[in-house]
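To start, the structure itself, in structure tokens.
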Amino acid sequence: MSVLVKICGVTRPEDVDAAVDAGADLIGFNMVASSPRCIAPERALELAARVPPSVRTVAVFDAAPHPVPGTAEGRGFDLVQSYDGLARSRDWIFGVRGEPPAELPDGVPVLLDLAFGSRPGAAELRAHWARAAGVRAPVMLAGSLDPANVADAVRAARPWAVDTARGVETAPGVKDHDLMRRFVRRAKEAA
């Protein structure tokens, strides 16, 4: 089994480059207004242009606009992640905080997250990973993942992908390049 790794909430060019160098498979650009990692769509497109074709870019929205900036022109973002429950195609990631719904869009990956800004304890994290293991759709596991726990999460949940933002930062939107390398390495080794 292999696992993909997404570094999300990237806001600076040097962090895009470091995420690519660390071996990230996906890089997320957050356009959720309430997030401390929120950037304007124009800035997200500028940063996405730095990403080589071998790494997929993800536009992250709470409720995605239609059309998504940059996608209609055939440039910009490879995937769209949205928490609005309107996964429109296989190029979308259906974001869910908490319990996954009983019915999921056919063939659309599900990002299983925790409540925004939560700081769960070990028991809550293990329960979250167990929920993820029971989802039949491809799962991108998110929620308080960092280099210290990502290997355990991968072994417990067997996700299609893992996602981190806060777990590899020194401040919101400021990535620690060593933490990114360790996160990617530990996730891949655990798979």
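The values are calculated or read from the model by the stated rules, or taken from the named source; none is laboratory data. Computed from a prediction, not measured in an experiment: that's the story for all the values here. As a convention, Cβ positions derive from the backbone with ideal geometry for all residues, glycine included, and neighbour counts pool all protein chains shown. The protein model used for the area step is the full one, side chains on, heavy atoms only, and it has no ligands, DNA or RNA in it. Shrake-Rupley method; radii C 1.70, N 1.55, O 1.52, S 1.80 Å.
Details
- Relative contact order %, the chain, counting alpha carbon pairs below 8 Å whose residues are six or more apart: 23 percent
- Accessible-area composition of the stretch 107-191, carbon plus sulfur, in percent [1.4 Å probe]: 51 percent
- Here is how the number arises for the chain: DSSP H runs of 4 or more residues each give -39500 (n - 2.57), the sum is divided by the residue count, and the result at 222 nm is -8000 deg cm²/dmol.
- Point-to-point label distance, Arg185-Asp106, nm (Cα→Cβ direction, 7 Å offset): 4.4 nm
- Fraction of C-alpha pairs exceeding 18 angstrom in the stretch 6-59: 19 percent, rounded to a whole number.
- Calculated accessible area for the stretch 105-179 comes out at 42 Å² per residue, all protein chains present (probe 1.4 Å; ligands, DNA, RNA ignored).
- Listed residues Asp25, Asp163 arranged by accessible area, highest first, probe 1.4 Å: Asp25, Asp163
- Range of Cα positions in the chain per principal axis (Å), largest first: 42, 38, 31
- Computed over neighbours whose Cβ is under 15 Å from that of Glu169, the net charge equals +2, Lys and Arg +1, Asp and Glu -1.
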